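**Student:** Handing you this structure, nothing more for now.
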Amino acid sequence: MISFILAAIFIIYLIFTGTLVFGFDKVEDFKLKDLKPKTKFSIIIPFRNEANNLPQILNSITNLNYPKDLFEVIFVDDDSKDNSVEIIKSKLDFDKLSRTKKIQFQILKNNRVSNSPKKDAISTAIKIAKHEWIVTTDADCVLPKYWLDSFDEHIQTTDTNCVAAPVTYNGRNSFLNRFQTLDILSLQGATIGGFGLKLPFLCNGANFAYNKSAFIEINGFEGNTNIASGDDIFLLEKFKKLDHKKVSYLKSNKAILSTKPVSSFSELIQQRLRWASKTSHNPNWFSKALGLIIFLGNLVCIAILPLLLFEFIKPKIVIALLVIKFSIDFLLLFKTSRFFKQESLLFSYLGSCLMYPFFCVYIVILSLFKSYQWKGRTFKK
């Protein structure tokens, strides 16, 4: 009976993950055709105490290939205590009276009206954004040279009002870094797979674009401002309700944005608790079903050890079940890492996949009753 239950969970796990692999291949790689740039963008970057990270993103902004008269950058200061504002002004030669600066940008103070500082920051910026297309990113990111070109051509060639795009990690070559990068690659694989199945349920606010008029039509973040995170997936659900045919994924290696992994295990715990807080409130049925089966699959991986030790299950069955799970996981990771050109990380797959079940179950259980910290603030679940 125990063997039957475990086998049933793994078969369902295999089906769900297998469909994501199928969906991943259904999303075609988007190739730039060198079209004349047309789309005007308002880039929104909320920040709080990002003095160490701002130089990188500021350099990448100045190195963007896109015509500078077709985009503006709106920085939103969320009560920074360091010299973040001064760094931005110094790098971009800020002058309130100047109209000849190469990059159009401004720095706003965040207008806090809810429990979600980041949603408030984005809403604050959108109110004064000059352009119809909004692109959100984070202050610890590095923007690729043809980032806006990719969004522009995608918008020109598809009928869309909401575009999710790829995100990965850069950073030190430590085990913690490789573990996080493999984890985010698996999430990106699931994200792309969901779009391929026409059941999108994930996106990343660090690389997300949408039409301002559509944002206003769906009343922005109204209805979920009590949740601190989720400036991405809740908007995605709203855009789907508005017109699911106009929600798309930009699967282009020219649009891949990189960000920093956290530097310690304790920070990783806080980050995953924050992610879990928004995932648990996601109304998407596919997301909930997938989250449940992933949790059960990893829980079974842990439970198999004592069951094997006390001879409740035969070794051959254990080997067969684990081979099924780790093989389908590897297939999705292989496809995703190949798209992101990070195949070398697969050498760390064995160590990561042995650690991940314990990490996953720990985070799920901890998220049921523990608050989390974000940008120096504490938030309840």
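**Student:** What is the one condition in (1) among the hydroxyl-bearing types (Ser, Thr, Tyr); (2) within 29 Å of Gly230 (Cβ to Cβ); (3) surrounded by fewer than 15 Cβ atoms within 10 Å (Cβ to Cβ) that Tyr372 does not satisfy?
**Tutor:** (3)
Quick grid of which residues meet (1) surrounded by 19 or more Cβ atoms within 10 Å (Cβ to Cβ); (2) of a type in the set (Val, Ile, Thr); (3) at pLDDT below 95; (4) closer than 30 Å to Leu345 by Cβ:
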site: Thr160; (1), (2), (3), (4): yes, yes, no, no
site: Val163; (1), (2), (3), (4): yes, yes, no, yes
site: Pro166; (1), (2), (3), (4): yes, no, no, yes
site: Gln188; (1), (2), (3), (4): yes, no, no, yes
site: Asn226; (1), (2), (3), (4): no, no, yes, no
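**Student:** Keeping to segment 180-230, report how many residues are farther than 20 Å from Lys40 by Cα and either of a type in the set (Ser, Thr, Tyr) or assigned to a helix (DSSP H, G or I) (or both).
**Tutor:** 19
**Student:** Mind checking whether some residue in segment 342-352 is of a type in the set (D, E, K, R), under 30 Å from Asn253 (Cα atoms) and surrounded by 16 or more Cβ atoms within 10 Å (Cβ to Cβ)?
**Tutor:** Here is the first cut: in segment 342-352, the residues of a type in the set (D, E, K, R) are 343.
Then keep just the ones that are under 30 Å from Asn253 (Cα atoms); that gives 343.
Applying the additional criterion that residues be surrounded by 16 or more Cβ atoms within 10 Å (Cβ to Cβ) yields none.
Checking segment 342-352: not a single residue is of a type in the set (D, E, K, R), under 30 Å from Asn253 (Cα atoms) and surrounded by 16 or more Cβ atoms within 10 Å (Cβ to Cβ).
Okay, residues lined up against (1) surrounded by fewer than 18 Cβ atoms within 10 Å (Cβ to Cβ); (2) farther than 17 Å from Ala190 by Cα:
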| position | (1), (2) |
| --- | --- |
| Thr259 | no, yes |
| Phe265 | yes, yes |
| Ser277 | no, yes |
| Asn282 | no, no |
| Leu299 | yes, yes |
| Ile304 | no, yes |
| Ser327 | yes, no |
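**Student:** Still on this structure, I have one more. Restricting attention to helices (runs of 4 or more DSSP H) lying wholly within segment 1-99, give those where 1 or more residues are of a type in the set (Ser, Thr, Tyr), modelled with pLDDT of 90 or more and not assigned by TED's automatic domain parsing to the domain that holds Arg338.
**Tutor:** On the way: elements: 2-26, 54-62, 84-92.
It comes to 54-62, 84-92.
**Student:** Looking for something modelled with pLDDT under 95, within 27 Å of Lys130 (Cβ to Cβ), part of a loop (DSSP other than H, G, I, E, B) and β-branched (Val, Ile, Thr) - is there at least one such residue anywhere in segment 251-264?
**Tutor:** no
**Student:** Any residue that is charged (D, E, K, R), in contact with a strand residue (DSSP E or B) (Cβ under 7 Å, 6 or more places away or on another chain) and surrounded by 13 or more Cβ atoms within 10 Å (Cβ to Cβ) - is there at least one of those in segment 39-46? Walk me through how you get there before you give the answer.
**Tutor:** We begin by selecting, within segment 39-46, every residue charged (D, E, K, R); these are 40.
Next, from what is left, pick out any that are in contact with a strand residue (DSSP E or B) (Cβ under 7 Å, 6 or more places away or on another chain): 40.
If we keep only those that are surrounded by 13 or more Cβ atoms within 10 Å (Cβ to Cβ) as well, we get 40.
Yes, there is a match, as at least one residue in segment 39-46 is charged (D, E, K, R), in contact with a strand residue (DSSP E or B) (Cβ under 7 Å, 6 or more places away or on another chain) and surrounded by 13 or more Cβ atoms within 10 Å (Cβ to Cβ).
**Student:** Conditions first: (1) touching a residue at least 60 places away in the same chain (Cβ under 8 Å); (2) within 22 Å of Glu222 (Cβ to Cβ). Asn111 passes all but one, so which condition is the exception?
**Tutor:** Every listed condition holds for Asn111 apart from (1).
**Student:** Let me ask something else. Conditions first: (1) of a type in the set (Lys, Arg); (2) farther than 30 Å from Asn115 by Cα; (3) surrounded by fewer than 14 Cβ atoms within 10 Å (Cβ to Cβ); (4) in contact (Cβ under 8 Å) with a residue 12 or more places away in the chain. Arg338 passes all but one, so which condition is the exception?
**Tutor:** (4)
**Student:** May I pose another question? Hey, among Ala320, Ala303, Ala289, which residue is in a helix (DSSP H, G or I), closer than 30 Å to Asn219 by Cα, modelled with pLDDT under 95 and more than 18 Å from the chain's Cα centre (by Cα)?
**Tutor:** Values: Ala320 fails: closer than 30 Å to Asn219 by Cα; Ala303 fails: closer than 30 Å to Asn219 by Cα.
Result: Ala289 is the single residue among Ala320, Ala303, Ala289 that is in a helix (DSSP H, G or I), closer than 30 Å to Asn219 by Cα, modelled with pLDDT under 95 and more than 18 Å from the chain's Cα centre (by Cα).
**Student:** Could you grab me the full set of residues in segment 131-185 that are under 18 Å from the mean Cα position of the chain (by Cα) and of a type in the set (Phe, Trp, Tyr)?
**Tutor:** Trp147, Phe151, Tyr169, Phe179
**Student:** Could you go through segment 180-187 and let me know if any residue there is touching a Lys or Arg at 6+ places or on another chain (Cβ under 7 Å) and of a type in the set (Val, Ile, Thr).
**Tutor:** Scanning segment 180-187, I find no residue that is touching a Lys or Arg at 6+ places or on another chain (Cβ under 7 Å) and of a type in the set (Val, Ile, Thr), so the answer is no.
**Student:** Another question about this same structure. Return the total of residues in segment 145-159 being part of a helix (DSSP H, G or I) and in contact with a helix residue (DSSP H, G or I) (Cβ under 9 Å, 6 or more places away or on another chain).
**Tutor:** 3
The values are calculated or read from the model by the stated rules, or taken from the named source; none is laboratory data. Since the structure is predicted, the reported quantities are computational estimates derived from the model, not experimental observations. Every residue, glycine as well, gets a Cβ built from its backbone with ideal geometry; the counts of neighbours run over all protein chains shown.
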